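Quick notes on the structure that follows.
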Amino acid sequence: MSATSILESPVNQFQLPSWLQECMLKQQSDQADEHIDLICRAFNFAYQLHEGQYRKSGEPYIAHPVAVAGLLRDLGGDDVTIAAGFLHDIVEDTEVTPEEIEELFGADVRRLVEGVTKLSKFNFSSTTERQAENFRRMFLAMAKDIRVIIVKLADRLHNMRTLEHLKPEKQQRISLETREIFAPLANRLGIGRFKWELEDLCFKYLEPEDYNKVKVLISDRREAREARIEQMTEILRSRLDKLGVNVLELKGRPKHLYGIYQKMQRQNKEFEEIYDIAALRIIVETNEECYRSLAVVHDAFKPIPGRFKDYIGLPKPNLYQSLHTTVVGLNGRPLEVQIRTIEMHHIAEYGIAAHWKYKETGSSDTQINSDDEKFTWLRQLLDWQNDLKDAQEYIDSLKDNLFEDDVYVFTPNGDVMVLAQGATPVDFAYRIHTEIGNHMKGARVNGRWSALDLPLSNGDIVEIITQNNSHPSLDWLNFVVSPTARNRIRQWYKRSRREENLARGRGLLEKEMGKTGIDSLLKSEPMQITAQKCNYQSVDDLVAALGYGEVTLNHVVNRLREVIKEEQPVEQVTEEQEIASLSSTVTTEVPQSKGSKSPITGIEGLLYHLAGCCKPLPGEPIIGVVTRGSRGISIHRQGCTNVEQIPGDRFVPVNWNPIDEPGRPLTYPVDIQIEAIDRVGVLKDILSRFSDQNINVRNAGVKTSPNKPALISLSIDIRDRQQFEYTINRVKNMSDILNIRRVSQGDN
Ligand code: MN
């Protein structure tokens, strides 16, 4: 928020809040400790620097940092946090540098001020890509020191409180951002009082008409409602007294406006139908008293089935604890009752900030460190962002996580697992361990076999049955909800393809070399040298590449022979066999128009054709083979399986003519096969990448079978090697593509 300077003197002279006045008095009276000293010095510094700056409301600018510091103090913030509240706009709005802040107030204050300044520069309502980046930085800042976020939340809350002074479009933008990002963050950090106020303020600016309706609704019936609740509290109080429960607080409270509104929308109700606008809260001393109070409530008023929630036994991830129940009130309408201890109440209001009140161990007690397992959701976010490359996916998972309603389920041992709404046994399995997910065979939910895609419900006991030879199914991607499970399934798939590829490559080598001795061959030194010569890091990589079709068998075998030759120059075993059937391969005739140069050099004047087995493209290394029939020269790709077994005396060196002569065919046919994750529209997306390049697709076939990737066969017309490689890479980069290869005849 930038300051605006207004020349005329402000109408209202700014007055220090009483807590700050006390602070200043203490400091002057020499009663000050270092904490008070830090707070006062930070205030004085900010006061001087913001001197002459005014807010849009006409107030002196210092009113804003003072209010922010006050909010942080109310939350129980330490001296460093309060000082950062005073100084949070200094770096942004004045000439002061972070180094100076560190010199004057220490490294902790500097880190907080810098963190808040950075967050302020981010425009959360920008494009998706940028938004994701902003979120990431925000969460990284958060992981370093959670106080940065709390200062930012206090800053936002005060700005929302004073939003009326801004232009309508700015009000909308800031409110939307607050509703989408800051209110959920406050909720996730458990800071209930920030969350409720932020939500109500957003409601006021984003849906002003509905906001006013709800407000009127509440005030209209206030008297009757309060009388009724008073009656109920009397009944409960006397019963609790008789039982000796020490009641610290027992009173009705109106729910926050946005909460009422959301409920109306969820239940599709009209304003007139909403009675559930107040709730009763009972605050006692001990956990045990909570449950005894619950018994009293259920005894005095009829409980509504299915509305009881025990967040004491199962705290929410944001540490919230309470008993919730809904009973039939005196007017015959439902009334929600919350029961909690004073400590739980404190955590409900202050969330993570409550911790700095209970621990006084210095500056690091509010940082999230590895032993703070309670905030696992935050860790997960940080983990996911490394997994997720796609910005949109990141945003989605982040929003899901901020808004999700959690589902609590149990392991057979009684451990609680918190999963996202809609999570299935597969999500559960991957949450326990990747290997459990990867070998999952089935699941029993509450003792019965369950479908793997069945969403889990609160309280389900889930048992995962594994089997060594079971493995994930691609179909699972259609129903898992957690990014973790999704990524693990994909990873498994890619890895498992490698194993398949290794097996396929090995099979090819066995055919050539014989089954016996293949193991020792793969471990041999010549094989390792061969792998290096073929530019692979290991023999395994080479074998996998062979299976994948990246190198041909003959290429490998020839390299291997060379290596062995070098080692044993005397023993030369080269009894190649000719492939008699070579001439039977399907071929592509290249029309030779008169007067134009051949696209292939080295065989000028000779009859030739492009081999149908490997379909070479301009730019690719080629070799000519003299055929036995009357078909002239057959042009193959170098390394074509069919060629390398032919005696060398039938080879003719040939090249593509680099000069584009008229009459040369514009395109050449190429067959490719693509393995893709089967989803609606994947073929369309692939084809669009070809049409982008003006590439004609002659033939397309798709084979699908359950739990297997879709197999897409395409015949495309390609200009040259460059175009082919460029286009193939574009297809390869699609996230759904598992494998893509060029098909030669005889391949499978
Ligand atoms: Mn500010």
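Of the numbered conditions (1) open to solvent by 30 Å² or more (accessible area, probe 1.4 Å); (2) modelled with pLDDT of 75 or more; (3) assigned to a loop (DSSP other than H, G, I, E, B), Leu683 fails exactly one; give the number of that condition.
Condition (3) is where Leu683 drops out.
Given the conditions (1) farther than 24 Å from His165 by Cα; (2) away from the ligand (no atom under 14 Å from the Cβ), and given that Ala84 satisfies all but one, which numbered condition is not satisfied?
Of the numbered conditions (1) farther than 24 Å from His165 by Cα; (2) away from the ligand (no atom under 14 Å from the Cβ), the odd one out for Ala84 is (2).
Only residues that are open to solvent by 30 Å² or more (accessible area, probe 1.4 Å) and either in contact with a helix residue (DSSP H, G or I) (Cβ under 7 Å, 6 or more places away or on another chain) or not assigned by TED's automatic domain parsing to the domain that holds Gln15 (or both): list them for the range 28-40, please. Outline the logic, then answer.
So in the range 28-40, the residues open to solvent by 30 Å² or more (accessible area, probe 1.4 Å) come out as 28-35, 37.
Once the filter is applied, which keeps residues that are open to solvent by 30 Å² or more (accessible area, probe 1.4 Å) and either in contact with a helix residue (DSSP H, G or I) (Cβ under 7 Å, 6 or more places away or on another chain) or not assigned by TED's automatic domain parsing to the domain that holds Gln15 (or both), the range 28-40 yields Ala32, His35, Asp37.
Tell me which residues, restricted to the range 84-97, are in a helix (DSSP H, G or I), within 15 Å of Asn44 (Cα to Cα) and within 34 Å of the chain's Cα centre (by Cα). Can you show your working first?
Pass one, the range 84-97, residues in a helix (DSSP H, G or I): 84-87, 90-93.
Checking the rest, the ones that are also within 15 Å of Asn44 (Cα to Cα) come to 84-87, 90.
Hits for the range 84-97 are Ala84, Gly85, Leu87, Ile90.
What are the residues in the range 166-196 that are within 14 Å of the ligand (Cβ to nearest atom) and more than 26 Å from the chain's Cα centre (by Cα), if any? If you could, list the steps in order and put the result at the bottom.
We begin by selecting, within the range 166-196, every residue within 14 Å of the ligand (Cβ to nearest atom); these are 166, 174, 178, 182.
Once the filter is applied, which keeps residues that are within 14 Å of the ligand (Cβ to nearest atom) and more than 26 Å from the chain's Cα centre (by Cα), the range 166-196 yields only Leu166.
So which residues in the range 338-353 are aliphatic (A, V, I, L, M) and buried (at least 21 other Cβ atoms within 10 Å of the Cβ), if there are any at all? Steps first, answer last, please.
Here is the first cut: in the range 338-353, the ones aliphatic (A, V, I, L, M) are 339, 342, 344, 347-348, 352-353.
Once the filter is applied, which keeps residues that are aliphatic (A, V, I, L, M) and buried (at least 21 other Cβ atoms within 10 Å of the Cβ), the range 338-353 yields Ile339, Met344, Ile347, Ala348, Ile352, Ala353.
For the range 409-457, give me the residue count where each residue is within 13 Å of Phe479 (Cα to Cα) and not in a strand (DSSP E or B).
Qualifying residue count, the range 409-457: 14.
Cβ contacts < 8 Å: first residue in contact (Cβ under 8 Å) with a residue 40 or more places away in the chain and over 15 Å from Asp37 (Cα atoms), restricted to the range 92-106; second residue open to solvent by less than 30 Å² (accessible area, probe 1.4 Å) and in a helix (DSSP H, G or I), any location; separation 6+ or different chain. Result?
Listed by first residue and then by second, the contacts come to Glu92/Thr117; Val96/Ile90.
Confirm whether Arg431 is surrounded by 15 or more Cβ atoms within 10 Å (Cβ to Cβ), over 27 Å from the mean Cα position of the chain (by Cα) and not aromatic (Phe, Trp, Tyr).
Details: surrounded by 15 or more Cβ atoms within 10 Å (Cβ to Cβ): yes; over 27 Å from the mean Cα position of the chain (by Cα): no; not aromatic (Phe, Trp, Tyr): yes.
So Arg431 fails the test.
Can you name every one of the strands (runs of 3 or more DSSP E) wholly within the range 696-748 that holds 1 or more residues which are of a type in the set (Ser, Thr, Tyr)?
Answer list for the range 696-748: 710-718.
Out of the strands (runs of 3 or more DSSP E) lying entirely within the range 246-347, which hold 1 or more residues that are at pLDDT 85 or above, touching a Ser or Thr at 6+ places or on another chain (Cβ under 9 Å) and farther than 27 Å from Leu189 by Cβ? Step through it out loud before you land on a result.
Details: elements: 247-254, 278-284, 323-328, 334-341.
Strands (runs of 3 or more DSSP E) meeting the threshold: 247-254, 334-341.
Among the listed residues Phe135, Phe124, identify the single one that is outside any helix (DSSP H, G or I) and either within 12 Å of the ligand (Cβ to nearest atom) or at pLDDT below 85 (or both). Steps first, please.
Values: Phe135 fails: outside any helix (DSSP H, G or I).
Phe124 is the lone residue from the list that is outside any helix (DSSP H, G or I) and either within 12 Å of the ligand (Cβ to nearest atom) or at pLDDT below 85 (or both).
Residues being assigned to a helix (DSSP H, G or I), open to solvent by less than 10 Å² (accessible area, probe 1.4 Å) and either of a type in the set (A, V, I, L, M) or not assigned by TED's automatic domain parsing to the domain that holds Ala42 (or both): count how many of those fall in the range 64-81.
4
Go through (1) under 24 Å from the mean Cα position of the chain (by Cα); (2) open to solvent by 20 Å² or more (accessible area, probe 1.4 Å) one by one and return the number of the condition Val731 breaks.
So Val731 meets the others, but not (2).
Give the number of residues within the range 186-224 that are in contact (Cβ under 8 Å) with a residue 60 or more places away in the chain, closer than 30 Å to Ala353 by Cα, assigned to a helix (DSSP H, G or I) and aliphatic (A, V, I, L, M).
So the count comes out to 1.
If Lys56 passes every condition in (1) basic (Lys, Arg); (2) within 16 Å of the ligand (Cβ to nearest atom); (3) modelled with pLDDT of 90 or more but one, which one does it miss?
Here Lys56 meets the rest and fails (3).
Take the residues in the range 495-513 that are touching a Leu at 6+ places or on another chain (Cβ under 7 Å) and at pLDDT below 80, then tell me which one is farthest from Val557 (Cα to Cα).
Per the criteria, the residue is Arg497.
The values are calculated or read from the model by the stated rules, or taken from the named source; none is laboratory data. If you're wondering where the values come from, they're calculated on a predicted model, not measured in any experiment. Virtual Cβ from ideal backbone geometry, glycine too; neighbours counted across all protein chains shown. All accessible areas refer to the heavy atoms of the entire protein, side chains included, with ligands and DNA or RNA removed. Shrake-Rupley method; radii C 1.70, N 1.55, O 1.52, S 1.80 Å.
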